[in-house]
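To start, the structure under review is shown below, and the notes come after it.
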Amino acid sequence: MTGNDGVGNDLRMLPEQMLALAQQTAELLVRRIENMPGEGAWAGEFRRDLEDQLMKPPPEESRSASQVIEEAANEILPIALSLDHPRCFGFIPSQPTWPSVLADFMVAGFNINQSSWLISSGPSQLELVVVDWFRRWIGYPEGAGGVLTSGGSAANLDGLVAAREAAIDPERGVLYMSEQSHSALVKAARIMGIGPERIRMIPTDRYFRMDMDALVETVAKDRAAGFSPMALCANAGTSNCGAVDPLEEMADYCEAQDIWLHVDAAHGGFLLVTEEGREIMSGIERADSIVLDAHKWFFQPYEVGGLMVKDLRTLECAFAGKCDILQDTIWGANHPNFSDRGLQLSRSVRALKIWMSVQTFGMAAFRRVQSSGMALAHRIEEYVEESAVLEMLAPAALGIACFRINPADADLDNHVLETINRNVLARVFWEDHAFISSTRLRGALALRMCVINYTTTWNEVHETLEIISKFGKESLIRDLSPH
């Protein structure tokens, strides 16, 4: 290609040029996927170096589009955590299916704004199909529904707004959540104007599930003080350790107390398609609203989350509104505008990647790889329990295992344990191909491995555990030896 891949001085390209660039891009992506296991999971750079490389004024004249693609693929995008690497166990990884990647490419090319039925009938119907899949997997009744969102943060905000609009006394409304709840819930409350004085962080039991006795006592005190309990936020898979709150008991309590039950299942929700997941999250179908994230356990590219509500009218009452410029979008009964179900007006087509993935592989394949990921986390737990230097800090749950270096016979104080485990975390970060992250459980630093990637095998997990154990033993010798 020449230095000017466009036609004349405008933004158009010839069809053969467009196809060539698309082919080049696809080859780069496939090559990345094939080469990834032999490379490290993380590559980062300091801001000063990246500014020197990238902080330049925009070019006035055109460049070779082929060279621009190569620059992006080789010098920008790789400087990041490869969340789809088979040894990426940090945070909550994401490994998208190839059909879902192609779906996002198609969505960008068709350039559809899926805000209303008038301008996106086909994609809107497809979202109705995918949302109904979610309804069935949850066990929601007819009349339930929802909307696809950018992720769990937006879905939590939409759900809590619906709860507020349904509340009897929103001005005195109080939100209840676990001390293990995701920060997205607190952020949603802040956006809604609910200050810290109306947020209650309920303690958890030994398994990091909400303490129901503490909840009951807190709600009673609030009612006596003139507050109005607005919503109880339950966890169906905490990001810290995968804990699932006692959903059946919470549903019983909320029904008796007339409190909205909101379940943050961004991490674990899609495991409902498995037998183990349905058993662990029994009672979730009784919630008023449920948050899901398909770019986690349903193997989709960022961004696609979702909010489901038991009664679709509660969502539309919160978000539907009139606007003169949108008066032409009214199509008639039973033709929904998804902008009436959430905070976004302009919105991308998110359902296509889920639909294409399921159509290509079938649900049996999704169930197998989800079950495999959960089984690998249980094998981590078995390894740790058999180890002489490692200690579990929470039961393995929904693909997450939290543990630390702490030999049973060493009798180490918290300061020493903190130092040793931080050293191990840093060495894995800098010296190994794998990537793990950390969290805190009961104040203790935990090494945390999350296994979601469908390309991850026990070999990758086992080798990472062996490295952690090796670094732990070396750190114990160094830090505990007399100086």
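At a glance:
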{"read-out": "q = 0.21 Å⁻¹, segment 88-146: log10 I(q)/I(0) [Debye, one scatterer per Cα]", "value": "-0.98"}
{"read-out": "Dimensionless Rg over Rh [segment 362-431; C-alpha; Kirkwood]", "value": "1.11"}
{"read-out": "Long-range HN-HN contacts of L81 with modeled amide H, under 5 Å", "value": "A43"}
{"read-out": "Global size of segment 72-214 as Cα Rg and Dmax, reported in angstrom", "value": "19.7, 56"}
{"read-out": "Alpha-carbon centroid distance for the pair segment 34-105 / segment 137-184, whole angstrom", "value": "34 Å"}
{"read-out": "Residue-averaged 222 nm ellipticity for the chain, from DSSP H runs of 4+ at -39500 (n - 2.57), nearest 500", "value": "-13500 deg cm²/dmol"}
{"read-out": "Nitroxide proxy distance, nm - points 7 Å out along Cα→Cβ at I79 and S121", "value": "4.8 nm"}
{"read-out": "Surface accessible to a 1.4 Å probe, per residue, for the residues of segment 253-355, Å²", "value": "43 Å²"}
{"read-out": "Kyte-Doolittle mean at least -0.5, axial Cα span of 24 Å or more - DSSP H helices of the chain", "value": "15-35, 121-138, 363-386, 414-431, 458-480"}
{"read-out": "Spatial separation of Cα centroids for segment 282-309 and segment 195-236, in angstrom", "value": "23 Å"}
{"read-out": "Cβ crowding within 10 Å averaged over residues, with 177-190, 144-157, 253-266 ranked highest first", "value": "144-157, 253-266, 177-190"}
{"read-out": "For segment 124-190, with +1 on Lys and Arg beta carbons and -1 on Asp and Glu, the positive-most of S124, A154, S183 along the dipole", "value": "S183"}
{"read-out": "Positive-end extreme of charge dipole, segment 316-456 - chosen from A434, H378, Q344 (charges on Cβ)", "value": "Q344"}
{"read-out": "Cα-based Rg of segment 186-345 normalised by 2.2 N^0.38 Å, two decimals", "value": "1.17"}
{"read-out": "Solvent-accessible heavy-atom area per residue, rounded to whole Å², over segment 13-148 at 1.4 Å", "value": "58 Å²"}
{"read-out": "Extension reserve of the S371-L19 stretch, reckoned as 0.36 nm per residue once the Cα distance is removed", "value": "122.8 nm"}
{"read-out": "Charge dipole of the chain about the Cα centre (unit charges at C-beta), most positive-ward option of G237, N406, A251", "value": "A251"}
{"read-out": "Contour minus Cα-Cα distance for L29 and A408 (0.36 nm per residue)", "value": "131.8 nm"}
{"read-out": "Cα shape, segment 425-464, gyration tensor, a/c 1.5 rule", "value": "oblate"}
{"read-out": "Given charges at beta-carbon only (K, R positive; D, E negative), |dipole| of segment 34-79 in Debye", "value": "140 debye"}
{"read-out": "The chain - share of DSSP beta bridges that are antiparallel (%, nearest 5)", "value": "60 percent"}
{"read-out": "Segment 379-483: mean projected area of Cα convex hull, nm²", "value": "6.7 nm²"}
{"read-out": "Percent of C-alpha pairs per 10 Å bin, segment 155-260, short to long", "value": "15, 51, 32, 2"}
{"read-out": "Of all accessible heavy-atom area on the chain, the percent that carbon and sulfur account for (1.4 Å)", "value": "54 percent"}
{"read-out": "Segment 369-437, accessible area per residue, ligands and nucleic acids excluded (1.4 Å, Å²)", "value": "44 Å²"}
{"read-out": "Distance from segment 392-410 to segment 412-461 (C-alpha centre basis), Å", "value": "10 Å"}
{"read-out": "Normalised per residue, the volume of the convex hull around the Cα set of the chain (Å³)", "value": "188 Å³"}
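The values are calculated or read from the model by the stated rules, or taken from the named source; none is laboratory data. What you see is a predicted model; the values in this text were computed from it and never measured. As a convention, Cβ positions derive from the backbone with ideal geometry for all residues, glycine included, and neighbour counts pool all protein chains shown. Heads up: the accessible areas ignore ligands, DNA and RNA and are worked out on the full protein's heavy atoms, side chains in. Shrake-Rupley method; radii C 1.70, N 1.55, O 1.52, S 1.80 Å.
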